[in-house]
2 protein chains.
Amino acid sequence: MPAAELPFTADEYERRLGLVRAAMAQAGLDALFVEDPANMAWLTGYDGWSFYVHQGLVVTPGHDPVWWGRRMDANGARRTSWLGEDSIRPYDDGYVQSDERHPMQHLAGLLSDLGLGRGCIGVEMENYYFSAKAYVTLRDSLPHADLQDATGLINWQRVQKSDQEIALMRKAARISEKIVTGAVARARPGLAKNELVAEIWRDALIGVDGVWGDYPAIVPMCPSGADASAPHLTWNGAPLEAGQCTFFELAGVCRRYHVPLCRTVWLGHPPDEVRRAEEALVEGLDAGIEAARAGNRAGDVARALGDMLKRAGIERAARCGYSIGLAYPPDWGERTVSLRPEDDTILRPGMTFHFMPGLWMDGWGLEMTESILIRPEGPAETFCNLPRKLFVKP
Amino acid sequence: MPAAELPFTADEYERRLGLVRAAMAQAGLDALFVEDPANMAWLTGYDGWSFYVHQGLVVTPGHDPVWWGRRMDANGARRTSWLGEDSIRPYDDGYVQSDERHPMQHLAGLLSDLGLGRGCIGVEMENYYFSAKAYVTLRDSLPHADLQDATGLINWQRVQKSDQEIALMRKAARISEKIVTGAVARARPGLAKNELVAEIWRDALIGVDGVWGDYPAIVPMCPSGADASAPHLTWNGAPLEAGQCTFFELAGVCRRYHVPLCRTVWLGHPPDEVRRAEEALVEGLDAGIEAARAGNRAGDVARALGDMLKRAGIERAARCGYSIGLAYPPDWGERTVSLRPEDDTILRPGMTFHFMPGLWMDGWGLEMTESILIRPEGPAETFCNLPRKLFVKP
């Protein structure tokens, strides 16, 4: 009973599985246990908010991936993935959040059944959902297996997007434009922040022109004034105030594919310091996009931006972007390429980044960002089409 | 520069820290490293969507907890927690999602600076945010320390809610009632699911009577028809159809405190099988609430429910509830007490649970749940006041 409405063709899933198996062979792995929900979805289509309990895929060279998870979620695997019934292997509810037993004990049994008890098995050591306890339990339950760190093995196969993926991201970008435009238009002194975010969520989910909006891996960020000096504060019930900036860090999402987009609004007249930062940021974005070409390196984008900011006297220590695509909470980045000087990854066509040079200063913040696509020739394409400027509402 | 708008009084944070230090002493810990964002917020007020990078608190017997996290999030700690400047210890951005270095190397340095290099340090081994790699790196970077599993040490201190916490949950419950009522009222054949969820989000964030809505740790679940046989599928753009059930699994949230509430709507005339399940579920909820008294055990609630369901021929294997309160994605449960027959936890006044006997059957699902508060005397109080029935819209 494979799922009816997969976001991609069978060929596309076949292509992905081929890439992963080739990487596994190169790493000398007999199997790969995949707990990252984005990696699970990318390989099989599986989509559900079930990652708060242990679940995963067992990928081997010779068989379809095996979905392993909580019994009540097995129907979700049947409804959303292309896997057949013999690839769905649930565990009983008694393993869930118990002090007495751990789901990894069950997984160890499954791996042994699959003939992997003495195999070399890759696990995603640096992942939100493969806990320290999961690792230790699996290791102790499979004393003859060789657990290898395979963090990012799949993530790196996801870096260059297929045409089908880019098509979804273009749809997501229409939602991104809509929600940022709507947020800027609605911002006014006296409007409670939670009411503004309520309208952003509504816009995001309604979507555009028949493209329904999926949930973002990070909730809308839109801090104001001194809160905008901190990049990751969520909303409260305080009203927007005249004389303050508010930045919007949002993403349109289509079938779990994210296109983040940030803009900042100033209610009143921004001080000269802010105007100078705006100018430097616009020039830095231009320079970075110009440098974001196939054959250049990730670090080149960061350096191009940094040069423009330095000219304006702005020292910015944080990375200025990261690879994007399919994502689940808590992060919409792919955790592979970072746009920072030390990252020597060669840019290739189909790579997609959130070019994100946020400025979080004392008492204010300025975010103006672009999601970009590396093209075969020329500078990167921006997914969205929105003026690159500080939106001022006097 | 401690935060201005903490959700709780200084006394309340003092009380919590006292509980944790006592539990640490009993466990023989010199320090506790806390990566769970709910535990961080519960102890210090810290609130931000920064848990997608490593961060945490170092709790020791003699000093204020130390916030440790990414440099760009230090301002967030200043804005939202009661900690003083000397308790905020950030790490540089180069540690973020890097193949070359890991934040735990930095944490090891901090722990050594604090004189804990040879100490007995508790870590939350079973936690979404303390990864396998984090554990291995910290262990290898502190070869003379003794890392002990302290999973749940803080969570168990959170189980009995204070009056201040219960007051927040009562506010959240008003939002829960509003959003479930609104969802049931809007449901009609032809309405696209994403549009329905858009209105639920909007209602949730706008809140009620001056209580602004915070984001839930789990997005709204409202699968229909055969999708309702799987508990954790999120929405899509398909229209609601006549003759189908749709369940709503939602939570109102006030300052990160959750009160989940589920109801189900049937568009058309439910079959007899569903009506019988409804009746059994209503009786089971009544019986469970009656059993949910101080002095009884968690398992008593599960057994009281199970008896009523069995009478109607329904065998239900999954747990039927869990402790609730302060939560961050991906789970709104506290991961301590589970309502299941084998859980012998003695119920005490102030404990709060989502009593959640969802039925996920072949081709349909029925969720009718209550968030409950254990009282000093008598059966539990339900936080919400909404008819316990299947909502039928012919």
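Which one, A:HIS63, B:TRP82, A:HIS144, is farthest towards the positive end of the dipole of the protein assembly as shown when Lys and Arg carry +1 and Asp and Glu -1 on their Cβ?
The residue sitting most towards the positive pole is B:TRP82.
Please find, in a Gaussian network model of chain B (springs between Cα atoms separated by less than 10 Å), the residue of B:SER338, B:SER371, B:SER131 whose mean-square fluctuation is greatest.
Looking only at B:SER338, B:SER371, B:SER131, the largest GNM fluctuation is found for B:SER131.
Membrane-span-like helices in chain B: DSSP H runs reaching 18 Å or more (Cα, own axis), mean Kyte hydropathy at least -0.5? Numbers along the way, then the final one.
Numbers: long enough: B:10-27 (26 Å, -0.36); B:163-186 (35 Å, -0.03); B:193-206 (20 Å, 0.08); B:272-291 (28 Å, -0.33); B:298-311 (21 Å, -0.11).
Going by DSSP H runs, the hits are B:10-27, B:163-186, B:193-206, B:272-291, B:298-311.
State the answer as a single residue: which of B:PRO387, A:PHE383, B:GLY358 lies farthest towards the positive end of the charge dipole of the protein assembly as shown, with beta carbon charges of +1 for Lys and Arg and -1 for Asp and Glu, about the Cα centre.
In the protein assembly as shown, that residue is B:PRO387.
For the protein assembly as shown, what % of the accessible area comes from carbon and sulfur atoms, probe 1.4 Å?
Details: 12650 of 26810 Å².
Looking at the protein assembly as shown in its full context, I get 47 percent from C and S.
Over region A:161-258, calculate the relative contact order: mean separation of alpha carbon pairs under 8 Å at least 6 apart, over the residue count, as a percent.
Relative contact order comes out at 39 percent.
Simple spin-label model, 7 Å along Cα-to-Cβ: B:ALA167 to B:ASP11 in nm?
1.0 nm
Rank B:THR181, B:LEU6, B:THR44 by how far each Cα sits towards the positive end of the charge dipole of chain B (+1 on Lys, Arg Cβ; -1 on Asp, Glu Cβ) and give me just the farthest.
Comparing the listed Cα positions along the dipole, B:THR181 ranks first.
Do any GluC sites (Glu not before Pro) in region A:23-126 lie in a DSSP loop with no more than 12 other beta carbon atoms within 10 Å, and if so, which?
Passing sites in region A:23-126 are A:GLU100.
Suppose we keep just the DSSP beta bridges with both residues in chain A; what percent of those would be antiparallel, to 5?
75 percent
Shape of region A:1-140 from its Cα gyration tensor (a ≥ b ≥ c, root eigenvalues): rounded if a/c is under 1.5, otherwise prolate when a/b > b/c, or oblate?
Values: a/c = 1.71, a/b = 1.17, b/c = 1.47.
It is oblate, given that a/c is not under 1.5 and a/b is not larger than b/c.
How large is the helix-only mean residue ellipticity at 222 nm for the protein assembly as shown, computed as the sum of -39500 (n - 2.57) over DSSP H runs with n ≥ 4, divided by its residue count, in deg cm²/dmol to the nearest 500?
-10500 deg cm²/dmol
What does the charge count near B:VAL219 come to, summing +1 for each Lys or Arg and -1 for each Asp or Glu among other residues with Cβ under 11 Å from its Cβ?
Values: positive: none; negative: A:ASP214, B:GLU249.
Overall, the nearby charge balance is -2.
Rounded, prolate or oblate, given the Cα gyration tensor of the protein assembly as shown, with a/c below 1.5 counting as rounded?
Rounded.
Leaving out ligands and nucleic acids, and using a 1.4 Å probe, what accessible area per residue does region B:163-393 come to in Å²? Show your work: numbers first, answer last.
Details: 7400 Å² over 231 residues.
I get 32 Å² per residue for region B:163-393.
Do any GluC sites (Glu not before Pro) in region B:303-350 lie in a loop, going by DSSP, with at most 10 other beta-carbon atoms within 10 Å of their beta carbon, and if so which?
B:GLU315
Share of antiparallel DSSP beta bridges in the protein assembly as shown, in percent to the nearest 5?
75 percent
I need the phi-derived Karplus couplings for region B:214-220: 6.51 cos²θ - 1.76 cosθ + 1.60, θ = phi - 60°, integer Hz, Gly and Pro marked x.
Those phi angles translate into 8, 7, x, 6, 10, 5, x Hz.
Could you tell me the relative contact order of region A:163-393? Use alpha-carbon pairs under 8 Å, at least six residues apart, and round to a whole percent.
Values: 574 pairs, mean separation 53.3, N = 231.
This gives 23 percent for region A:163-393.
In whole angstrom, note down how far apart the Cα centers of region B:356-386 and region A:9-24 are.
44 Å
For region B:214-283 and region A:144-212, write down the distance between their C-alpha centroids in whole Å.
Here the two parts' Cα centres lie 25 Å apart.
Only loop residues by DSSP count here, and only those with at most 14 other Cβ atoms within 10 Å; note down the trypsin sites (Lys or Arg not before Pro) in region B:104-208 that meet that.
Those that pass, being in a loop and sparsely packed, are B:ARG118.
Taking every pair of Cα atoms in region B:327-366, average 1/r, invert it to obtain the Kirkwood radius, and report Rg/Rh to two decimals.
Radius of gyration over Kirkwood radius for region B:327-366 works out to 1.05.
Under 8 Å for C-alpha pairs, at least 6 residues apart: give me the relative contact order for chain A, rounded to a whole percent.
Numbers: 868 pairs, mean separation 55.0, N = 394.
14 percent.
The values are calculated or read from the model by the stated rules, or taken from the named source; none is laboratory data. Everything numeric in this text was worked out from a predicted model, so none of it was measured. Here Cβ is always computed from backbone atoms with ideal geometry, including for glycine, and neighbour counts include all displayed protein chains. Quick note on the areas: whole protein, heavy atoms, side chains included, nothing else; ligands and nucleic acids left out. Shrake-Rupley method; radii C 1.70, N 1.55, O 1.52, S 1.80 Å.
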